[in-house]
Each structure stands twice: as C-alpha cells, then as structure tokens.
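Q: Just passing along the structure, written as structure tokens.
Throughout, read-outs are computed from the coordinates displayed, never taken from laboratory work. Quantities reported herein were computed from a predicted structural model and do not represent experimental measurements. Cβ placement follows ideal geometry from the backbone for every residue including glycine, while neighbour counts extend to all protein chains displayed.
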Amino acid sequence: MPEFHIHVDASWVSPGFEELLKELGLRRLDFAREGADDGLYAPAHHLTTKLYDAEEFRRAFDTIESYVKSQQAMTGYIEGEMLPFDLTIPHRPFSSTVVVPFTVELGELASGTFRETELHVTVARDGTDPGLIRGLRAMGLFCAHIPKPSGMALVFTVQGSRCHIDLLAPALTEYLMAAGGSQNASIKEERIARWWMSSADIKRPPVVRAIHWSDSGYGRV
C-alpha cells in the first residue's frame, strides 16, 4: 500500500490555518527543542498526517496550498511526500568494528528551490547504543528529537537529490544492519511529490553536495 505524508513546518501558523489542518487530519507533533543539539533545523511548529491513497493526498495538498496562497497563514514550508520504502531495523548488540561507509559534505539550497528526497533514521533515545549515535553523526546526518508515546525518538536525517540519496540508502541500511545497537529503529525514504514555501529564501535544512566513501567494503571508494 502506498504511503504519503504531508508536513507543515513553520515558525508561525495562524489559528485559522491550524484549524483547517486539523480538519484535514493533520496533528501536532512538535520537535523537542530543549536538549536537542541540532535544533537549528527543527521548526517551532510541525503538523503532520499520513495518507494511503494518492487521490486523497492530492486533494488534501490542493486544499492546503489554496488556503496559504489566498491569505497570510504561515511562515515556513509544506512538504508533500511519497515513501518508496520504510524498513524496520532489528535490534542486535552494537559492534564497534563496523566502519561508517561514508561522510557527506553538506551545502545550502539555492533560493527558491527544494530538496528532492531524504532519508530518515529513527531510533529510540533510550536503549540505543551511544556508539551507533556517534556513527550516524560521523556520517554527517543531523538529528531532531520528537516525543512519541513510547518515549523520545531521535530522527537522523540526510537530504538531497535523488541521485545522491539512491547511493546513500543501501550503504546506510547495510551499516545499520551490521553495526547494530539500535532500539525501535527504522530507515525510510521520503520523496518530495509536492512542496510550497512562504518565501524563496525561507530557511531549509542543508543538502548533500558530495559523498566521501570509506574503504569499508561497501562497494564505493
């Protein structure tokens, strides 16, 4: 079954707009800012929904986009995404002998442009080995903290072009499987299908400019 997401990431939303979003099924899932070391990329307001029908996704996004184009309703950006894959990572003990497969060099997006896709690695803060967290940071992924019913989740993200993410996804998945150390973990790709920004120069997370491959046996150097 296909899965689609709509995220509203904003520094400000009007009460009327938030009411519309709630009517469309979006709910608040704000990032935890206290104690989050990468809060620079975490917006103050994060509203989100999951949909499983392409036509329903298009109708919802059209309604949201029409509203924000007709009046001042938010400052930030809206993401409409399709998930090519969402893979659960089984728990196993952490192995410090597994070498990170790459490091990424990041850069800012050009004014008025948007990323093509991204990878999210989500782990439970409690129970995930610090060695795995260090490995994800060493690769250049940035982290946001999201409170969930099961506890605080750490969401490590790398964004960029489909070309770059297509290269990183298998290597990152293989690393997570081999290194172990995760708790309640998954890796997913969220590919942009629709997007809107309140201004051309709104702050967005950085994207991959270059990949530096290690000699760790992941098939690329």
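Q: May I ask which residue of TYR175, LEU21, ALA110 lies farthest towards the positive end of the charge dipole of the chain, with charges of +1 (Lys, Arg) and -1 (Asp, Glu) on Cβ and the Cα centre as origin?
A: Looking along the dipole axis, the top candidate is TYR175.
Q: Please quote Rg/Rh for the chain to two decimal places, taking the Kirkwood radius as Rh and restricting both calculations to Cα atoms.
A: 0.97
Q: Right, something else. To the nearest 10 degrees, how steeply does helix 54-70 sit against the main Cα axis of the chain, on a 0 to 90 scale?
A: Compared with the principal axis, the helix lies near 60 degrees.
Q: Calculated FRET efficiency, ARG137 and ARG33, Cβ-Cβ r, R0 25 Å, to nearest 0.05?
A: Efficiency, rounded to the nearest 0.05: 0.85.
Q: Indicate the gyration tensor shape class of the range 1-75 (rounded, prolate or oblate), computed on the Cα atoms with a ≥ b ≥ c the square roots of the eigenvalues: a/c under 1.5 is rounded; otherwise a/b larger than b/c is prolate and the rest oblate.
A: oblate
Q: Suppose only helical runs count, i.e. DSSP H with n ≥ 4. What mean residue ellipticity at 222 nm does that imply for the chain under -39500 (n - 2.57) per run, divided by all residues and rounded to the nearest 500 deg cm²/dmol? Walk me through the intermediate numbers first.
A: Numbers: 4 runs with 54 residues, N = 221.
Theoretical 222 nm ellipticity from helices: -8000 deg cm²/dmol.
Q: Hey, another quick one. Placing unit charges on C-beta atoms (Lys and Arg positive, Asp and Glu negative, everything else neutral), compute the dipole magnitude of the chain about its Cα centre in debye, rounded to 20.
A: 240
Q: First check a/c for the range 140-217, with a ≥ b ≥ c the square roots of the eigenvalues of its C-alpha gyration tensor; if it is under 1.5, answer rounded, and if not, answer prolate when a/b is larger than b/c or oblate otherwise.
A: It comes out oblate by the Cα gyration axes.
Q: With charges only on Cβ, +1 for K and R and -1 for D and E, what is the dipole size of the range 12-117 about its Cα centre, in debye, rounded to 20?
A: Magnitude of the dipole: close to 180 debye.
Q: Additional query: Tell me, what ³J(HN,Hα) does each residue in the range 87-102 have, in order and in whole Hz, if you take phi through Karplus 6.51 cos²θ - 1.76 cosθ + 1.60 with θ = phi - 60° and put x for Gly and Pro?
A: Karplus-based 3J(HN,Hα) across the range 87-102 equals 10, 7, 9, x, 6, 7, x, 6, 10, 6, 7, 7, 8, 4, x, 6 Hz.
Q: Also, quick follow-up: Which shape class applies to the range 53-112: rounded if a/c is under 1.5, otherwise prolate when a/b exceeds b/c and oblate if not, where a ≥ b ≥ c are the square roots of the Cα gyration tensor eigenvalues? Write out the running numbers ahead of the final one.
A: Numbers: a/c = 3.70, a/b = 1.86, b/c = 1.99.
Judged from the Cα gyration tensor, the range 53-112 comes out oblate (a/c at least 1.5, b/c at or above a/b).
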